[in-house]
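These notes concern the structure reproduced below.
The values are calculated or read from the model by the stated rules, or taken from the named source; none is laboratory data. These figures come from a predicted structure and were not determined experimentally. No Cβ is skipped: glycine too gets one built from the backbone with ideal geometry, and neighbour counts run over all protein chains shown. Heavy atoms of the whole protein, side chains included, go into the accessibility calculation; ligands, DNA and RNA do not. Shrake-Rupley method; radii C 1.70, N 1.55, O 1.52, S 1.80 Å.
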There are 2 protein chains.
Amino acid sequence: MRAGVKDVAKRAGVSVGTVSNVLNRPDAVADATRERVEAAMRELDFVRNASARQLRAGQSTAVGAVLLDLSNPFYTALARGIEDRLALDNLTLMVASSDQDPEREERVLQLFAEQGIRGLVITPTKTTKKRLERLDAFGIPSVLLDSQSKRHASVGMDNVSGGRQVVRHLIERGHRRIAYLGGPEHLEQSRDRLAGAVQAVVEAGLNSDEVIVSRWLPGMSADDGQRAFIDVYDGEAAKPTAFFCINDIVALGVQRECRLRGYDMPSRVAVVGYDDVPFASELMTPLTSVRQPTHEIGYAAADLLLSGAGRDVHQVFRPELVIRASSGGPA
Amino acid sequence: MRAGVKDVAKRAGVSVGTVSNVLNRPDAVADATRERVEAAMRELDFVRNASARQLRAGQSTAVGAVLLDLSNPFYTALARGIEDRLALDNLTLMVASSDQDPEREERVLQLFAEQGIRGLVITPTKTTKKRLERLDAFGIPSVLLDSQSKRHASVGMDNVSGGRQVVRHLIERGHRRIAYLGGPEHLEQSRDRLAGAVQAVVEAGLNSDEVIVSRWLPGMSADDGQRAFIDVYDGEAAKPTAFFCINDIVALGVQRECRLRGYDMPSRVAVVGYDDVPFASELMTPLTSVRQPTHEIGYAAADLLLSGAGRDVHQVFRPELVIRASSGGPA
DNA sequence: TTGAAAGCGATACCAC
DNA sequence: GTGGTATCGCTTTCAA
């Protein structure tokens, strides 16, 4: 049988109150008593029951994270950053992928709420924000990842800047017809990067309607990218000479199709990804991409959460364009 | 304030017992009553308190997973498989990376034990197994990933077969000096794959001491791979013509160094990875690798856990060699 | 500094 | 089918 405070108390010849004190306010206990209690705990292999503790204390030691997709390295790097910050406070991480599926997200948040998580880090989808208000009502704070909102603290990237850097670069390399393969439209980062792209075109004194052709993809897999490439390249009269993809995985799909068709990169088609995943530099055609300090972002998000930062804190990291062969290589 | 069963009961004009019945044995409640209670729950935005429930029921709705490294796609694919299985039962996943650090692992398991997790899926390190016995004593079942043991159920790959397939392939391609870059020695899969490699050499009627030169790496990053390549290639008098790496990331490091040195792959150095991560086929030199059904493995592990399979169940998936350019391409 | 006892919120048993 | 109530293990006053 699992030993509880009672057993420990009996064994140490003290009351449960004292055992609890040893656990929670060790300084308030006489050294000798404390040592006796600690010995008893060791002998009995005492493990605190978090449920009981939480029930009484009203607070759990778990933090929840809802990420878009646990099989995408970008998000798992975030998870890792979050985890590392939590470890400092001996907190545990509950994770779930939302897959941008509102129902799945709903179920997960429900479960998290039941668990009484201490806080939530989430990459929100279109329908998320209302749900967060319900959590707020229960006193569970949230930090948004890669998305801003008046009502919640957030840590994110300057996606407008990212999109702008990419397209400015492509224009400098002479591209005048650029495809933007965004993720699902409801993703803020999708829209922001497009906004940045448009901005860069305008700044170059060009007409954005003529230069940019964009698509919202249903998902962000390599297959989605490949299909979108086919759709755009075969469907548009004015063929793009460059593809700017929402992430490196999608870009992988574009590269794959180019290779199948024997299109040279970058001379016939330039490709740019986003996230700069570790293998981007090792591809057959090394991929120009945008680097984001993912681990730091996750860490910062957890830190914001734990420090009880106000909902008006919005930390923004600046992305950095990494130019490789897929867009013509460094100047 | 957060509404509890009491509030719901009052509002619905029933007793708390009935509310609990609606929650846990809906069939045992009259339809009319049930609807009334459900309405009350909705109106009050009732959220079950998992702590209280667990305390009483003695069982949590969380399952723990301790994975080697949350930033490695192989492990996150596992996580994803686990998560998908848990979702079926409305369970949540607590994850942590052990980084093969015994202390970190210890702390995490402690935390998980306190949480009263319903079960554990773990990629064990050298020191893990004792710790699991403590969990066993608390009635928390574990399933080992990628590792076998008499005392626990497991789901894994046949790593001996994987190693054997790789080296048989390399020998067929004429390689007679093969470097094996294993992960840390205490990892069972490291040792098993080497065993398989040796077996293949012996089966070919060759002397394994002459053919195979092996190293245990401290970690499994691209940098570790790169460093090990330098160590072996520059350090050994008989230069290997092929490198068999513990995973694709390590192989990436080897490829990187080859490229820096201008060594042609595969004519001067053949490279084989393991795991067949999604980008393996898209590398500058597409990487020969060993495919493992990661998602299925994770799913199966969670399934084993939830089905309460005995400790004598050892599910083994067979890996599949995928031959690409880095080892000379398909025959 | 230590002990006794109330109570966190849901469950499950036993009456009715 | 429904209601009353002891109980899970721990924390936290309050008194001694």
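Side notes on the structure shown:
- Test: residue in region A:26-46 that is under 30 Å from B:Arg56 (Cβ atoms) and within 11 Å of another protein chain (Cβ to nearest Cβ): yes
- Taking region A:84-199 as the region of interest, the strands (runs of 3 or more DSSP E) fully inside it that hold 1 or more residues being touching a residue at least 24 places away in the same chain (Cβ under 8 Å) and over 22 Å from A:Pro293 (Cβ atoms) are A:92-97, A:178-182.
Here is a yes/no grid of residues against (1) over 19 Å from B:Asp275 (Cβ atoms); (2) open to solvent by less than 20 Å² (accessible area, probe 1.4 Å); (3) out of contact with any Cys (no Cβ under 6 Å at 6 or more places or on another chain); (4) among the aliphatic types (A, V, I, L, M):
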residue: B:Ile122; (1), (2), (3), (4): no, yes, yes, yes
residue: B:Asp136; (1), (2), (3), (4): yes, no, yes, no
residue: B:Val155; (1), (2), (3), (4): no, yes, yes, yes
residue: B:Ser161; (1), (2), (3), (4): no, yes, yes, no
residue: B:Leu170; (1), (2), (3), (4): no, yes, yes, yes
residue: B:Gly174; (1), (2), (3), (4): yes, no, yes, no
residue: B:Gln189; (1), (2), (3), (4): no, yes, yes, no
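- In the set (1) in contact (Cβ under 8 Å) with a residue 12 or more places away in the chain; (2) surrounded by 16 or more Cβ atoms within 10 Å (Cβ to Cβ), A:Arg268 fails one condition alone, (2).
- Here is the figure for region B:205-226: residues that are crowded, with 18+ Cβ neighbours inside 10 Å and in a helix (DSSP H, G or I) total 5.
- B:Arg256 being in contact with a helix residue (DSSP H, G or I) (Cβ under 7 Å, 6 or more places away or on another chain), assigned to a loop (DSSP other than H, G, I, E, B) and surrounded by fewer than 23 Cβ atoms within 10 Å (Cβ to Cβ): no
- If the condition is being modelled with pLDDT of 90 or more and under 15 Å from the mean Cα position of the chain (by Cα), then region A:98-118 contributes only A:Glu105.
- For region A:10-54, a tally of residues being in contact with a Ser or Thr (Cβ under 9 Å, 6 or more places away or on another chain) and under 20 Å from B:Ala113 (Cβ atoms) returns 7.
- Inside region B:231-253, residues that are more than 19 Å from B:Thr285 (Cα to Cα), open to solvent by 10 Å² or more (accessible area, probe 1.4 Å) and not in a loop (DSSP other than H, G, I, E, B) make up a count of 4.
For every residue, the table says whether it meets (1) small (Gly, Ala, Ser); (2) within 22 Å of B:Val66 (Cβ to Cβ); (3) out of contact with any Asp or Glu (no Cβ under 9 Å at 6 or more places or on another chain).
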position	(1), (2), (3)
A:Val5	no, no, yes
A:Gly13	yes, no, yes
A:Pro73	no, yes, no
A:Leu78	no, yes, no
A:Gly81	yes, yes, no
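- Evaluated against (1) out of contact with any strand residue (DSSP E or B) (no Cβ under 6 Å at 6 or more places or on another chain); (2) more than 30 Å from B:Ser154 (Cα to Cα); (3) among the polar types (S, T, N, Q), B:Ser326 falls short on exactly one condition, (1).
- Flag if B:Met41 is assigned to a loop (DSSP other than H, G, I, E, B) and more than 11 Å from DNA strand D (Cβ to nearest atom): no
- Any hit, region A:28-36, residues being open to solvent by 30 Å² or more (accessible area, probe 1.4 Å), within 11 Å of DNA strand D (Cβ to nearest atom) and at negative phi: yes
- The residues listed here are B:Val95, B:Val108; of these, the one that is away from DNA strand D (no atom under 16 Å from the Cβ), open to solvent by less than 50 Å² (accessible area, probe 1.4 Å) and closer than 17 Å to A:Leu78 by Cα is B:Val95.
- Output for region B:74-89, where each listed residue is at pLDDT below 90 and facing chain A (nearest Cβ under 10 Å): B:Tyr75, B:Thr76, B:Ala77
- Matching residues in region B:1-38 - criterion: being more than 21 Å from A:Ala137 (Cβ to Cβ), within 8 Å of DNA strand C (Cβ to nearest atom) and in a loop (DSSP other than H, G, I, E, B): B:Ser15, B:Arg25
- Only one entry of A:Arg311, A:Arg291 meets the criterion of being open to solvent by 20 Å² or more (accessible area, probe 1.4 Å), in contact with a His (Cβ under 8 Å, 6 or more places away or on another chain) and over 21 Å from A:Gln226 (Cβ atoms), and that entry is A:Arg311.
- For region A:44-73, filtered to residues that are away from DNA strand D (no atom under 16 Å from the Cβ) and at pLDDT below 90, the residue that is most open to solvent (accessible area, probe 1.4 Å) is A:Ser71.
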